[in-house]
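Remarks on the structure that follows.
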Amino acid sequence: MDLEKWAKDVRTSSYEIDAKRGKIFDKNGMVLAYDRPTYKLYAIVDPDYTTNPEEPNHVTNPEETASRLAPLLDMEASDMVETLKNGQENDRFQVEFGAKGRQISQEKMEEIKELELSGIQFEEEAKRYYPNGLFASHVIGFARTDDGKISGVTGIEKQMEKYLQEKKGTIKYERDKYGTKLLDPNQVMTEPDDGEDVHLTLDQKIQTFLEDAMSQVDDQYSPEKIMAAVMDPDTGEILAMSNRPSYNPNDIGEVDNWYNDLISYPFEPGSTMKIFTWASAIEEGVYNGDSELFKSGTYKVTENSQTISDHNNGQGWGMISYDEGFQRSSNVAASKLVYEKLGPTKFRQYLSAFNLTDKSGIDLPGELTGKLVYERPIEQITTGFGQGSTFTPIQLMTAATSVANGGKIMQPYMLSEITSSETGEVIKEGKPEVIGEPISEDTAKKVRDLMGEVVTSENGTGQSFKLDDYSLAGKTGTAQISEPGKGYLSGRNNYVFSFMGMAPKDDPELLMYVAVKQPDLEPTELGSEPVSYIIRTVMENSLHYLDIQPDKEEDTKVSQHKLPDVTEMSTRNAENELRKTFSNVEIIGDGENVEEILPAPGTKVLENQRIMVITDKPKMPDLTGYSLRDVHRLAEHFDMNIETMGNGYVKSQSIAEGSKIKENGYLVVELSPPETE
């Protein structure tokens, strides 16, 4: 043995210098994930560490220390005493207290320090934190701390690991037996390297609209699944994406669904597939939608094949045009287009051209593809109306970008850019990428017109999806659910109800897909109701937020009103003026004059929407019952940092009602779903 080397190793201390994992932001700079300091508690039990008995540096009284410390750590005092005494008896320098002594918040650490317990020390350690809870959790994913290192496990945290991952630095120096640095320590240091920052295409506002709407539906209908996403069809940017069941990445316990179903749940989509069947026939030049009639009701491709029926129990609507067949979502029309007009071989080529046989290539982990069931004639025609073959929602949305933008399939993507956490320099940038061009601009317009009639025609299956201010092109889907070896489920709830929509119809700014599986419907409710609520709420709010000019005539809208400018009025007069039209006016503070109203003057709002009047002496209101959107609106006005826990509507707040509102203050709100009977 090299005794000199051994001695040098013994008297050399090596410490890691913390580095921070890169942050994750939305496209507007809102932080979605960052490292938050937590603390590990340890107790020094070696009496030799104390040099002055009047000011001990070790635990001198295990029983007293445990009795004061245990309640703050939610531990049994007897267990803590045992740990402390075992350490002393075994000549340990220090002891730790397992999971209860780790990931302690800064507030708790400071509370413990105030006890001034001798020998109790803390070591800082980072924990990944997600300030918005379940907000886009399947997209962002989560990272886990293991042996002091944070690593991505799912979602963007996993996908962008090589950019987000930090590298800790080290310091090595020579010391005495108590760890005190020598006068000539021969110190060597390796600099830490923080991870890079990842900026997503997600838009916090649109994502919030989506999360709120989905939570409402989840609470009211208790479905098996909800899958929804919003995309910019001109670029392929994903602006919002969410699933139910969801989870809070800050509290990983029992999770019902780890998978991002938008990209990893293939299923038989139902009639949303007809978008691509009709588009293929139009592009191929074999479609005479307004002049050629067919007999609706039932269809058999051969005498011995299974009978295809329209959704009104095969009764049909007599001789109708193919345009009307699309409005009514006729399975017979789809079957005849596939088998008699296009032919199965040509339709199969279009399925590939629409990228429906491949992954979308989205930059998220875990994407799957569906299975094309297309051997027998019956399988070929059922694929045309969304039965038999399976696809993921992201495959359908990717294909639908071509209808929305004039013929080009855009690859969906989540990464806006990666920037240096030190300099802000752009290291990598996400860019639009065309991955196909299956149809012409003229065909795309004709299909959008047909989809518009689904919503506006008296025969259309999508009448409940109409927007207040914007024209909507869309297609409904009601898909049967098959179980291996059992066939299709029966019962009015046992379907996947869906909708593919784009608005405004003539030049879509947003493409949106929603699917709700097995909602708990009342006898009088239709499966389209939970889907249409999400579509209408998110589309309408998002288009207004993006400042897209409404394209519907005033007389076609529901009751909406422009907010008047009352900022020059007294508070009393402003309140009186607003209450003439709006039922939910809230005064923020007790000032006599109005400084601002939220939303801004000129905004079109519903009569029952919350209007906040900010006075010149603002005070924190009682936020109970506020939606997350209203809370963000208030916080944004006062430049407050906001942290949310839970989902739904506010039930508690960290800043007390009536307190002075401070700019750059820190507001924590806890939310819960609305109560039901």
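When you count, for each residue, the other Cβ atoms within 10 Å and take the mean per peptide, how do 195-205, 37-47 rank with the highest first?
Final packing ranking: 195-205, 37-47.
What list of ³J(HN,Hα) values in whole Hz, one per residue of region 608-622 in order, does the Karplus curve 6.51 cos²θ - 1.76 cosθ + 1.60 (θ = phi - 60°) give from phi, with Gly and Pro shown as x?
Couplings: 9, 6, 5, 10, 9, 9, 8, 8, 6, 10, x, 9, 5, x, 6 Hz.
What is the helix-to-structure angle for 62-73, meaning the angle in degrees between its Cα long axis and the longest Cα principal axis of the chain, kept from 0 to 90 and rounded to the nearest 10?
20 degrees
Starting from the Cα of Thr345, step 7 Å toward the Cβ, then list every residue of region 260-297 with an amide N under 19 Å from that point.
280-281, 284-286
So in region 505-655, what percent of DSSP beta bridges are antiparallel if you round to the nearest 5?
In region 505-655, DSSP labels about 70 percent of beta bridges as antiparallel.
At R0 = 30 Å, how high is the FRET efficiency between Ser654 and Asp219 if r is their beta carbon distance? Nearest 0.05 is fine.
Here the calculated transfer efficiency is 0.80.
Report the equivalent ellipsoid semi-axes for region 70-145 in whole Å, largest first, defined as the square roots of five times the eigenvalues of the gyration tensor built from alpha carbon atoms.
The equivalent ellipsoid of region 70-145 has semi-axes of 31, 14, 12 Å.
So what's the projected area for the chain, the Cα convex hull averaged over all directions, in nm²?
With the hull built on Cα positions only, its mean projection is 40.1 nm².
Per residue of region 407-423, what does 6.51 cos²θ - 1.76 cosθ + 1.60 with θ = phi - 60° give for ³J(HN,Hα)? Whole Hz please, x for Gly and Pro, Karplus curve as stated.
x, 9, 8, 9, 5, x, 8, 10, 8, 7, 6, 10, 10, 5, 5, 8, 10
Would you report the distance distribution of C-alpha pairs in region 518-677 as whole percents per 10 angstrom bin, up to the bin with the largest distance?
Histogram of Cα-Cα distances, whole percents per bin: 9, 32, 35, 19, 5, 0.
Pop out the Kirkwood hydrodynamic radius of region 426-502 from its pairwise C-alpha distances, inverse of mean 1/r, in Å to one decimal.
15.7 Å
If amide hydrogens are placed 1.01 Å from N in the peptide plane, which non-local residues have theirs closer than 5 Å to the one on Leu239?
HN-HN under 5 Å from Leu239: Val230, Met231, Asp232.
For a protection proxy built on the mean count of beta-carbon atoms within 10 angstrom, sort 501-513, 20-32 highest first, please.
By packing density, highest mean first, the sequence is 501-513, 20-32.
Tell me the net charge near Thr277. Cut-off is 13 Å between Cβ atoms, Thr277 excluded, with +1 for each Lys or Arg and -1 for each Asp or Glu.
Net of charged neighbours comes to +3.
Give the peptides 434-441, 258-265 in descending order of average Cβ contacts within 10 Å, highest first.
Ranking the peptides 434-441, 258-265 by packing returns 258-265, 434-441.
I'd like the carbon and sulfur percentage of the solvent accessible area for the chain, probe radius 1.4 Å, heavy atoms only, ligands and nucleic acids excluded.
43 percent
At 1.4 Å probe size, with every protein chain present, just tell me what the per residue accessible area of region 492-641 comes to in Å².
Per-residue accessible area for region 492-641 comes out at 46 Å².
On a straight-distance basis, which lysines could pair with Lys517 in a cross-link, Cα separation under 21 angstrom, same-chain partners fewer than 8 positions away excluded?
Of all the lysines, those that pass the test against Lys517 - Cα under 21 Å, at least 8 places apart if same chain - are Lys225, Lys274, Lys371, Lys475, Lys486.
Quick one: 3J(HN,Hα) in Hz for region 341-349, Karplus 6.51/-1.76/1.60 with θ = phi - 60°, rounded, Gly and Pro as x.
Coupling constants for region 341-349: 8, 7, x, x, 5, 5, 5, 4, 5 Hz.
Could you please report the charge total around Asp234, scoring K, R as +1 and D, E as -1 over all other residues with beta-carbon less than 10 angstrom from its beta-carbon?
Combined, the nearby Lys, Arg, Asp and Glu give -3.
Mind ranking His311, His561 by accessible surface for me, highest first, 1.4 Å probe?
His311, His561
Would you mind checking which residues have amide H under 5 Å from Thr581's amide H? H placed 1.01 Å from N; only 5 or more apart, or other chain.
Those qualifying (amide H under 5 Å, at least 5 residues apart or on another chain) number zero.
About its Cα centre, how strong a charge dipole does region 397-543 have in debye, to the nearest 20, once Lys and Arg get +1 and Asp and Glu get -1 at the Cβ?
540 debye
Once amide H atoms are placed 1.01 Å from N in the peptide plane, what residues at a sequence separation of 5 or more from Lys428, or on another chain, have their amide H within under 5 Å of its amide H?
Ile418
The values are calculated or read from the model by the stated rules, or taken from the named source; none is laboratory data. Treat the numbers as computed from the prediction; the structure is a model and nothing was measured. Cβ: placed from backbone, ideal geometry, glycine included. Neighbour counts: every protein chain shown. Only protein heavy atoms, including side chains, enter the accessible area calculation; ligands, DNA and RNA are left aside. Shrake-Rupley method; radii C 1.70, N 1.55, O 1.52, S 1.80 Å.
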